[in-house]
1. How about region 79-128: which of its residues are under 23 Å from the mean Cα position of the chain (by Cα) and on the phi > 0 side of the Ramachandran plot?
2. Go through (1) at pLDDT 95 or above; (2) surrounded by 10 or more Cβ atoms within 10 Å (Cβ to Cβ) and name the single condition Ser62 misses.
3. Evaluate region 65-78: report whether one residue or more is assigned by TED's automatic domain parsing to the domain that holds Val54, under 14 Å from Leu53 (Cα atoms) and part of a strand (DSSP E or B).
4. Starting from residues that are touching a Phe, Trp or Tyr at 6+ places or on another chain (Cβ under 6 Å) and of a type in the set (A, V, I, L, M), keep the ones in region 90-112 and report whichever is modelled with the lowest pLDDT.
5. Would you point out the residue of region 87-125, among those that are among the acidic types (Asp, Glu) and surrounded by 11 or more Cβ atoms within 10 Å (Cβ to Cβ), that is nearest to Asn48 (Cα to Cα)?
Amino acid sequence: MKRKIMSMGVALSICMCALFGTGCSNPDVNNAINGAASYTSTQGEVYNFATKLVKEQLDAPSTAIFPTFESSYVTKMDGDDEFDECYKVQSSVECENALGGRGTMNFTVLVEIKKSEGKMYGQVRELN
């Protein structure tokens, strides 16, 4: 009985290894991983910062669902004398309004970075 259970366990382990091993060679998975690596950390950080600012202005922030980050949402702008880097973030958020109705709102956020302070500053310019 112990041998039968043990051999079934070994067979199951081999099957699991074969299934997971072939999944790693899936070109779609590899392309997704490679695509994610092409984004700069600054773009991702700016997007996350912008979504936090937008969330603070929503009637029901806990219901907010933002789209997965894409580099096309973040545009680098010309800096000025005060800030080292400036970005414009444009995207959307699905959320509930004050009456409980669900809808999608578009937003634009201006994010500015002071590298000397290691801080980001942001302002929601549009939320409708």
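The values are calculated or read from the model by the stated rules, or taken from the named source; none is laboratory data. Note that the structure is a prediction, hence the values are computed from the model and not measured. Don't worry about glycine lacking a Cβ; one is built from the backbone with ideal geometry, like all the others, and counts go over all protein chains shown.
1. Keep residues of region 79-128 that are under 23 Å from the mean Cα position of the chain (by Cα), which gives 85-97, 102-115, 118-128.
Answer for region 79-128, where residues must be under 23 Å from the mean Cα position of the chain (by Cα) and on the phi > 0 side of the Ramachandran plot: just Gly118.
2. (2)
3. Keep residues of region 65-78 that are assigned by TED's automatic domain parsing to the domain that holds Val54, which gives 65-78.
Still in the running and under 14 Å from Leu53 (Cα atoms): 65-66.
With part of a strand (DSSP E or B) added as a condition, the list becomes 65.
Scanning region 65-78 turns up at least one residue that is assigned by TED's automatic domain parsing to the domain that holds Val54, under 14 Å from Leu53 (Cα atoms) and part of a strand (DSSP E or B).
4. Within region 90-112, the match that is modelled with the lowest pLDDT is Val111.
5. Let us first name the residues in region 87-125 that are among the acidic types (Asp, Glu), namely 94, 96, 112, 117.
Those still in the list that are surrounded by 11 or more Cβ atoms within 10 Å (Cβ to Cβ) too: 94, 96, 112.
Numbers: Glu94: 16, Glu96: 20, Glu112: 13 Å.
If we take residues in region 87-125 being among the acidic types (Asp, Glu) and surrounded by 11 or more Cβ atoms within 10 Å (Cβ to Cβ), then Glu112 is nearest to Asn48 (Cα to Cα).
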